[in-house]
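Each reported figure results from applying straightforward, stated rules to the coordinates on display, with no laboratory input. Please read all numbers here as calculations on a predicted model, not as lab measurements. All Cβ positions, even for glycine, are placed from backbone atoms using ideal geometry, and neighbour counts span all protein chains on display.
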Amino acid sequence: SGDVNYSEEMDYTITGIEAGAGVVAAAEDAVETYDSLSGWEVATSSSGAMATELGEAVKDEEPIVVTGWTPHWKFAKYDLKYLEDPEGSFGGEEQIKTMVRKGLEEDKPNAYKLLDQFKWEAADMETVMLDINEGSSEQEAAQAWIEDNQDKVSEWTDGVEDVDGVEVELVYVNWDSEIASTNVVAEVMKQKGFDVEITPLENGGMWEAVAQGEVAGMVAAWLPATHEAQLSKHEGEVVDLGANLEGAKIGLVVPKYMEVDSIEDLQP
Ligand code: PBE
C-alpha cells in the first residue's frame, strides 16, 4: 500500500465535522505531525455533512478521508477502516463518561443516581444509531431500544424513586453517538417521572453549561484524549460519574477500497 496517490483527487482535504469536536482538533494535530499530510487541511462542517459526503464517495468508489469515530453506524453501512496512526495523534482507547454539575447529588438525588448508573455497550449505542439512520425518529429509536432492553434499563433505575415532574436538563452535541445516548437516557428519565429537556450545543458550550451549573449534566464526555482540552479547562467544576461506555475510538477513516493503511501512506 502507499503506492496510489489520492491526494489531488481529495484536494488535500480531510473531511471533518463540527469545528469544536475533539476529533477535528486531533486531525489538525495530525496535519502538523505527519510529513505525509504536509499541505493538507481539515475541512469543518457537520457530522451530517460528513456522513453525506462519505456516502456519496462510497457510491462512486472515490477516495475520501473522514474524521471518524466508534461507535458509529457508518461501520455497519459501509466497508471502512481506520488508518493506522503511528504517531498517536488520535490517542488510544476512549471511554465515554457522564459529567454532572456540582450539587446535583444533593438537589436531585434520583436524577443523580440514574445518571450515575447509566452504562451500556457499543453494540447498544449502535443499535439506536442505526435505527435513527434508517429513518426512525430519535425518540422512537430510543423508546424501541428501551423496550427491548428492560434488563439493562432496570439496572440504571435500580433504587431510583419515581418523581413527579422534577426538571432535568441534559446537554449534548449533535453527534450521532450522543444523539443516541442522550435520547435513551432522557426517555428512561421521563418514564421515572422527570420532566426532561435535552439541548444540543457545540462541544465547548456543552462543557461550559455543566461547569457553570446551568444544566444537570451530559453523557457525552470522550476521554482521556478527545475532550482533554475541555476537561482540563473545567477540572474541578464538573462531577465525573465515570464511564457509561468503554471501547470508543476516534481516528481517520477511509473506505476499504482505498489502498492505504496508515496515515503515513497519504502523500503531501
Ligand atoms: N466525536 C463523537 C466527538 C466525541 C463524540 C468523536 C465526534 C468529538 O470528536 O469530540
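Values for this structure:
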{"read-out": "Stokes-Einstein translational diffusion, region 111-170 - Kirkwood Rh over all Cα pairs, 1.002 mPa s, 20 °C, in µm²/s", "value": "168 µm²/s"}
{"read-out": "Extension gain, Glu105 back to Asp60 (0.36 nm per residue minus Cα-Cα distance, nm)", "value": "11.0 nm"}
{"read-out": "Residue order, fewest to most beta carbons within 10 Å, for Ile250, Ile179", "value": "Ile179, Ile250"}
{"read-out": "Stokes-Einstein D (µm²/s) once Rh is taken as the Kirkwood radius of region 91-247 over alpha-carbon pairs, at 10 °C in 1.306 mPa s", "value": "103 µm²/s"}
{"read-out": "With eigenvalues of the C-alpha gyration tensor scaled by 5 and rooted, the chain, Å", "value": "36, 20, 14"}
{"read-out": "Derived scalar couplings ³J(HN,Hα) [region 253-263; Karplus, 6.51 cos²θ - 1.76 cosθ + 1.60; whole Hz; x for Gly, Pro]", "value": "10, 9, x, 5, 5, 7, 8, 9, 10, 10, 4"}
{"read-out": "Helical mean residue ellipticity (222 nm; -39500 (n - 2.57) per DSSP H run of 4+; nearest 500) of the chain", "value": "-11000 deg cm²/dmol"}
{"read-out": "Orientation-averaged projected area, Cα convex hull of region 209-254 (nm²)", "value": "4.0 nm²"}
{"read-out": "Simple Cβ-charge dipole of the chain, Lys/Arg +1 and Asp/Glu -1, about Cα centre, in debye nearest 20", "value": "540 debye"}
{"read-out": "P(r) weight above 15 Å for region 29-115, C-alpha pairs, percent", "value": "72 percent"}
{"read-out": "Spatial extent of region 138-195: Rg and Dmax, with the Cα atoms as the point set, Å", "value": "11.5, 31"}
{"read-out": "Highest to lowest packing among 159-165, 131-137, scored as the average C-beta count within 10 Å", "value": "131-137, 159-165"}
{"read-out": "Peptides ranked, highest mean first, by Cβ atoms within 10 Å: ranges 28-39, 58-69", "value": "58-69, 28-39"}
{"read-out": "Gain in span if fully extended, Glu161 to Thr52, counting 0.36 nm per residue against the direct Cα distance", "value": "35.0 nm"}
{"read-out": "In Å, descending, principal axis extents of the Cα set of region 22-180", "value": "56, 34, 24"}
{"read-out": "Set Lys97/Lys152; Lys77/Lys249; Lys108/Lys192; Lys102/Lys152; Lys74/Lys113 screened for pairs whose C-alpha atoms are more than 21 Å apart", "value": "Lys102/Lys152; Lys74/Lys113"}
